[in-house]
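A short write-up of the structure that comes next.
The values are calculated or read from the model by the stated rules, or taken from the named source; none is laboratory data. Bear in mind the structure is a predicted one, so any value in this text is a computation, not a measurement. Please note: Cβ atoms are built from the backbone with ideal geometry, for glycine as well, and neighbour counts cover all protein chains shown.
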Amino acid sequence: MKLASFRTSNGINSYGIVTDTGIIDLGARLGSRYPDLRALIAGDAFAEAQKLAGNSPDHKLADITWLPVIPNPDKIVCVGLNYEDHRVEAGRDRTENPALFLRVPESQVGHNRPILRPRESDKLDYEAEIAIVIGKPGRRIAYDRAWEHVAGYAPYNDGSIRDWQRHTIQWIPGKNFKHTGGFGPWMVTSDEIKPGEVLELSARLNGQTMQHATTDMMIFSIPRQIEYISAFTTLLPGDVIVTGTPGGVGFKRNPPVFMKPGDVIEIEVSKVGVLSNTIADD
């Protein structure tokens, strides 16, 4: 099941099931109990949503505005340097534990919406990643129970303002400019992807492949990430873990490649979908 958050042509924020012919508006049907996708996940109501999957779509996909899959997560935890080729190209030492930073919800933007290059910098870089959405809450989640806490998967573009990222040893400024992180179009629920199934991840800039990897190339697996992160914070339904980018990022190319207005960046995850964003100046 593909689940997405969106805004209708009437300006109403909602969420629903994405089909080949349109979107079934779950917000209109279940909103009194589950006002948004995060609430649906927290209510463990996927089975209830699935019963509506055979309904006729309420909206054409061309008529909606895509929102970030989870517009209002309690937390977005990102994992850095989690593919060996990216760690090497970045010139960083390997660590015993995942390198983490946080994004804020305002930094995200939905599918087919512009990623904004801020006026403070022209060094806007792409990072193809897979986001996992937490379904079952937990603290100190055991490694061998981690998959039970995953609600679904989505493409993510951890767009980075490289000079601001490198102002200090803390990366947060370069990762949190408004509307620099793409998240969408939808999440595919975990029942459609086997635990530990190898997924392909790629980034295309104006049609040219810039990054490509498979999830078995991660340094820290998804269960290890969940285990580690949940040791210090409670993971809640709708929380997002962004699992790392492979090699091939723009700022490490020779010459460097940064995204500019008019560019189109696509992030594809096999069995999930393609996230596409244009680039515009803020």
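Considering region 1-24 alone, what residues qualify as being assigned to a loop (DSSP other than H, G, I, E, B) and touching a His at 6+ places or on another chain (Cβ under 9 Å)? Those that are assigned to a loop (DSSP other than H, G, I, E, B) and touching a His at 6+ places or on another chain (Cβ under 9 Å): THR8, SER9, GLY22.
Counting the residues of region 74-92 that are under 19 Å from the mean Cα position of the chain (by Cα) and assigned to a helix (DSSP H, G or I) gives 1. Are any of the residues in region 98-111 over 25 Å from ALA280 (Cβ atoms), β-branched (Val, Ile, Thr), under 16 Å from the mean Cα position of the chain (by Cα) and modelled with pLDDT of 95 or more? No, there is no match, as no residue in region 98-111 is over 25 Å from ALA280 (Cβ atoms), β-branched (Val, Ile, Thr), under 16 Å from the mean Cα position of the chain (by Cα) and modelled with pLDDT of 95 or more. Taking the criterion of being of a type in the set (Asp, Glu) and crowded, with 21+ Cβ neighbours inside 10 Å, the only residue of region 145-198 that qualifies is ASP158. Regarding PRO137, is this residue under 16 Å from the mean Cα position of the chain (by Cα), modelled with pLDDT of 95 or more and farther than 23 Å from PRO255 by Cβ? Criteria not met by PRO137.
Please enumerate the residues belonging to region 2-27 that are over 24 Å from GLN108 (Cα atoms) and either touching a residue at least 12 places away in the same chain (Cβ under 8 Å) or in contact with a Cys (Cβ under 7 Å, 6 or more places away or on another chain) (or both). Correct list: THR21 only. If we scan region 23-37, do we find a residue that is in the same structural domain as ASP239 (by TED's automatic domain parsing) and farther than 20 Å from VAL150 by Cβ? No; the residues of region 23-37 include none that is in the same structural domain as ASP239 (by TED's automatic domain parsing) and farther than 20 Å from VAL150 by Cβ. The set of residues in region 199-221 being of a type in the set (Ser, Thr, Tyr), surrounded by 19 or more Cβ atoms within 10 Å (Cβ to Cβ) and under 11 Å from GLU266 (Cβ atoms) consists of SER202 alone.
Here region 45-92 is the region considered, the condition is being of a type in the set (Lys, Arg) and crowded, with 16+ Cβ neighbours inside 10 Å, and the residue that is farthest from PHE251 (Cα to Cα) is LYS75. Residue check: ALA90 meets all listed conditions (1) at pLDDT 95 or above; (2) in the same structural domain as LYS175 (by TED's automatic domain parsing); (3) among the small types (Gly, Ala, Ser) but one, namely (1). When the criteria are applied in full, PHE232 fails the requirement of being aromatic (Phe, Trp, Tyr) and either closer than 17 Å to PRO68 by Cβ or in contact with a helix residue (DSSP H, G or I) (Cβ under 9 Å, 6 or more places away or on another chain) (or both).
Just one of the listed residues (SER121, SER107, SER160) is within 14 Å of ILE76 (Cα to Cα) and among the hydroxyl-bearing types (Ser, Thr, Tyr), namely SER107.
Only residues that are touching a Gly at 6+ places or on another chain (Cβ under 6 Å) and without any contact (Cβ under 8 Å) to a residue 40 or more places away in the chain were counted in region 161-198, giving 1. Taking region 252-282 as the range and being more than 19 Å from ARG117 (Cα to Cα) and either in contact with an Asp or Glu (Cβ under 8 Å, 6 or more places away or on another chain) or in a strand (DSSP E or B) (or both) as the test, the residues that pass are GLU268, VAL269, SER270, LYS271, GLY273, VAL274. Residues that are aliphatic (A, V, I, L, M) and farther than 14 Å from THR8 by Cα were ranked within region 20-41; the one that is surrounded by the most Cβ atoms within 10 Å (Cβ to Cβ) is LEU37.
If only residues of region 168-197 that are of a type in the set (A, V, I, L, M, F, W, C) and within 13 Å of the chain's Cα centre (by Cα) are counted, the one that is nearest to GLU129 (Cα to Cα) is PHE183. Checking the stated criteria, THR209 turns out not to satisfy the condition of being among the β-branched types (Val, Ile, Thr), over 21 Å from GLY110 (Cβ atoms) and not in a strand (DSSP E or B).
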